[in-house]
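Have a look at the structure below, then the notes.
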Amino acid sequence: MTKGTEKNKENIVTAPSVLDVSRDGAVATVRVDRPKANAVDPAMIEEFRTVLPSLAGDPRVRCIVITGTGRFFIAGADIAVMRDLSAGNQAEMRRWIDVQRLIEQAPKPVVAAINGHALGGGAELSLACDLRIISAEATFGFPEIRLGLFPGAGGSQRLPRLVGPHLAKRLMIEGERLAAQRALELGLVDVVAEPAAFEALVAERARLLAAKPTAAIALLKRVVDEGYGLPVEQALEREEKGVAELTRTADAAEGLQAFLDKRAAVFTGH
């Protein structure tokens with residue numbers, strides 16, 4: 001999905017950038033291109049903080065795909081930057097968690113298309129996405145412990161919520177790079193695709209997600225996030241408010257009427 005090479009794709013960002021942002025119909029793709037390893041630095045973080053709200057607020061975009069270039073999805077934090085252990089520099093790098101919150105709070109599905117190695121901060125970013133598709137040749141893991149660190153940009157909190165605290169601690173303590181199939185077995189990713197079929201599979205899954213009632217998806221994401229960890233009575237109150245809001249959407253009306261009409265629903269995200 002490179003800039004301006006495919007007739008149906010619209011390039012959204014034209015200024016010099018490590019993020020190549022394009023739109024194909026209702027699917028927007030954010031491709032990280034920062035050789036050699038797509039490592040995270042403050043400039044990349046700031047680009048994500050600019051691009052993601054724009055895509056989240058664009059009614060033409062109904063699914064967002066985040067992917068990488070070459071052998072890497074995102075290799076993690078740039079070690080040359082991280083070795084500055086000053087409080088100011090560490091605070092700048094910690095804004096990576098802001099990027100992840102933008103993904104989680106996006107009112108539409110977000111897909112991590114893990115084309116290559118997803119390590120450290122790259123794995124952390126993927127945990128904030130709604131669907132993780134990984135190439136069979138990619139690896140996945142949290143190797144920070146080898147640097148005397150631990151996953152401190154979201155990983156230490158999201159990973160236990162995904163796989164449970166015991167397994168999460170073990171994965172972070174051992175710091176191993178996992179093969180794609182092993183990551184699937186542990187529940188870290190959702191789909192493994194052979195490299196030759198990877199881009200086509202990502203495009204198809206993103207297209208299917210974009211066709212769904214994204215108004216309902218936005219509310220579903222919010223209700224789950226707000227209710228998780230609350231006492232069940234409070235969580236059900238959040239759910240009730242979400243359902244009341246949902247019944248006022250055009251997508252809900254369309255879905256119910258389409259069922260009665262015995263036809264396929266056409267959702268608009270409203």
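Values in this text are rule-based calculations from the coordinates and carry no lab data. Just so it is clear, the model here is predicted, and its values are computed rather than measured. Here the Cβ positions follow ideal geometry from the backbone for every residue, glycine too, while neighbour counts run over all protein chains shown.
In region 28-49, the qualifying residues are those that are touching a helix residue (DSSP H, G or I) at 6+ places or on another chain (Cβ under 7 Å) and without any contact (Cβ under 8 Å) to a residue 40 or more places away in the chain, and the one that is nearest to ALA77 (Cα to Cα) is ARG34.
Condition check for CYS129 on (1) more than 26 Å from ALA218 (Cα to Cα); (2) of a type in the set (A, V, I, L, M, F, W, C); (3) within 17 Å of the chain's Cα centre (by Cα): one failure, at (1). Inside region 102-115, residues that are surrounded by fewer than 24 Cβ atoms within 10 Å (Cβ to Cβ) and over 10 Å from the mean Cα position of the chain (by Cα) make up a count of 2. Does any residue of region 63-82 turn out to be outside any strand (DSSP E or B), crowded, with 18+ Cβ neighbours inside 10 Å, touching a residue at least 60 places away in the same chain (Cβ under 8 Å) and under 16 Å from the mean Cα position of the chain (by Cα)? The answer is no; no qualifying residue exists.
Summed over region 68-122, the residues that are among the β-branched types (Val, Ile, Thr) and more than 25 Å from GLY269 (Cα to Cα) give a count of 6.
Here VAL224 meets the list (1) over 19 Å from ALA56 (Cα atoms); (2) surrounded by fewer than 16 Cβ atoms within 10 Å (Cβ to Cβ); (3) among the aliphatic types (A, V, I, L, M) almost entirely, failing just condition (1).
When region 140-152 is filtered for residues that are surrounded by 23 or more Cβ atoms within 10 Å (Cβ to Cβ) and not in a helix (DSSP H, G or I), the ones remaining, listed by number, are PHE140, GLY141, PHE142, PRO151.
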